[in-house]
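Peer 1: Quick one: the structure is below, questions incoming.
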Amino acid sequence: MAALRTHLAAELGGAARAWLDQATAEAAAHGGRPEHESQGPVPTWELRFAEAGRRCGPEHADPARVLLLHAAHATPDTLARVYAQGTAAERRAVLHALPHLVPGPEALPLVEDALRTNDTRLVAAAVGPYAAVHLAPHDWRHAVLKCLFTGVPVDSVADLSRRARGDAELARMLGDYASERTAAGRTVPGDLHRALALTAPGPTSGPAAPSTGEKQES
C-alpha cells in the first residue's frame, strides 16, 4: 500500500493529491467502525470513493479507490455493500482491493458475481491474486474458460502457471473447447494454446487446489 500511495502521488497533480490526502484521512477516521454503526447517512469516505474517477482521472481511479478502502479498513461486509451499490468501475476497484483486505475466502461471492458478467474489465479483476489463492479448482477452471470466452487475456489470471501445472481436468476442458471451435469453423484463440501448454506436468507439480474450500469434481 505504501508503494502504491507513493506511485500514485507521483502521477497525480497537486489538486488531485490534496483531494486524495483528505479523502484517505476521512476514510482512516471512519475505519474500523462496526457495520451497524454505519447505518444512516452514507459515510463521507464512501462518497469520496464514488467520485475518485472525477477527482483523480479514470486512469488513476482504481488505485485511488483501493487506497480509500484500505484506509477505511473495509470489512468483508463493507466491501460487499460497496460492491453491490457501485458502478462497474467501483466494483472493479473492490475486486482489486480484496487481496489487501480479506485474508480468507469470505469475499469469494464478489469474485463469483464478477465472473458471471460479460464485462471484460470486471472479469480480469476477478481472476487476480485473491482468486488465485481462494477460488476452488472447479470454479477456477471455469474462470480460465470465461477469460477465453470473453477475450480477456490469460495473462490476467494471477498465478496461472502454478495452478495450471499438471491440471489434467483443465487440459481436458481446454481441449474440448478447442475442438468445439474447430468443428464450428472458428479460430482457436492463441491464448487457449498458451494455457493448454501450461497444464503439462512439471517436476514440481502439486495440486492445483487451494488448501481450503476445495470443491470435488463430480
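The values are calculated or read from the model by the stated rules, or taken from the named source; none is laboratory data. Given the structure is predicted, the values throughout are model-derived calculations rather than measurements. Positions of Cβ are backbone-derived with ideal geometry, glycine not excepted, and every protein chain shown enters the neighbour counts. SASA here: full protein model, heavy atoms, side chains in, ligands and nucleic acids out. Shrake-Rupley method; radii C 1.70, N 1.55, O 1.52, S 1.80 Å.
Peer 1: Let me see the pair-distance distribution of the chain: every alpha carbon pair, 5 Å bin width, integer percents in order.
Peer 2: 1, 7, 14, 16, 16, 14, 11, 9, 6, 4, 2, 0
Peer 1: About its Cα centre, how strong a charge dipole does the stretch 65-150 have in debye, to the nearest 20, once Lys and Arg get +1 and Asp and Glu get -1 at the Cβ?
Peer 2: Working: 8 positive and 7 negative charges, 46 e Å.
With Lys and Arg at +1 and Asp and Glu at -1, about 220 debye.
Peer 1: Of 47, 105, 66, which is farthest towards the positive pole of the stretch 42-113's charge dipole, taken about the Cα centre with +1 and -1 on the beta-carbons of Lys, Arg and Asp, Glu respectively?
Peer 2: 47
Peer 1: If you don't mind, there's one more thing I want to ask. What 222 nm value per residue comes from the helices of the chain, counting each DSSP H run with n ≥ 4 as -39,500 (n - 2.57) and dividing by all residues, nearest 500 deg cm²/dmol?
Peer 2: Working: 13 runs with 143 residues, N = 218.
Value at 222 nm, helices only: -20000 deg cm²/dmol.
Peer 1: Now for a separate question. If you roll a 1.4 angstrom probe over the protein chains with everything in place, what fraction of the accessible area of the stretch 70-128 belongs to carbon and sulfur, to the nearest %? Provide the component values of the computation, followed by the final result.
Peer 2: Values: 1340 of 2530 Å².
Here carbon and sulfur together make up 53 percent of the probe-accessible area.
Peer 1: State which helices in the chain qualify, where a helix is a whole DSSP H run, it must extend 15 Å or more along its own axis by its Cα atoms, and its mean Kyte-Doolittle hydropathy must be at least -1.0.
Peer 2: Details: long enough: 14-30 (24 Å, -0.12); 44-56 (17 Å, -0.75); 58-71 (20 Å, -0.01); 88-101 (20 Å, 0.16); 137-150 (20 Å, -0.19); 168-183 (22 Å, -0.38).
Taking the DSSP H segments of the chain (at least 15 Å long, mean hydropathy at least -1.0), we get 14-30, 44-56, 58-71, 88-101, 137-150, 168-183.
Peer 1: Further question: Placing +1 at every Lys and Arg Cβ and -1 at every Asp and Glu Cβ, with all other atoms neutral, what dipole size does the chain have around its Cα centre, in debye to the nearest 20?
Peer 2: Details: 22 positive and 25 negative charges, 85 e Å.
Using Cβ point charges on Lys, Arg, Asp and Glu, the chain gives about 400 debye.
Peer 1: Here is a further query. Place a +1 charge on the Cβ of each Lys and Arg in the stretch 1-107 and a -1 charge on the Cβ of each Asp and Glu, then give the dipole magnitude about the Cα centre in debye, rounded to the nearest 20.
Peer 2: Working: 10 positive and 12 negative charges, 38 e Å.
With only Lys, Arg, Asp and Glu charged at Cβ, the dipole is about 180 debye.
Peer 1: Here's another thing I want to ask about it. Considering only protein heavy atoms, what per residue accessible area in square angstrom results for the stretch 1-147 with a 1.4 angstrom probe?
Peer 2: Working: 6620 Å² over 147 residues.
For the stretch 1-147, the per-residue accessible area is 45 Å².
Peer 1: Work from the charge dipole of the chain (Cβ charges, +1 for Lys and Arg, -1 for Asp and Glu, about the Cα centre) and give the residue of 196, 143, 157 farthest towards its positive end.
Peer 2: Farthest towards the positive pole: 196.
Peer 1: Set the Förster distance to 30 Å, then compute FRET efficiency between residue 197 and residue 89 from the Cβ-Cβ distance, nearest 0.05. Could you put the intermediate results ahead of the total?
Peer 2: Numbers: r = 34 Å, r/R0 = 1.13.
Between residue 197 and residue 89 the formula returns 0.35.
Peer 1: Sticking with this structure for a sec: Would you mind calculating the gained length between residue 18 and residue 182 on full extension (0.36 nm times residue separation, minus the Cα-Cα distance), in nm to one decimal?
Peer 2: Length gained between residue 18 and residue 182: 53.6 nm.
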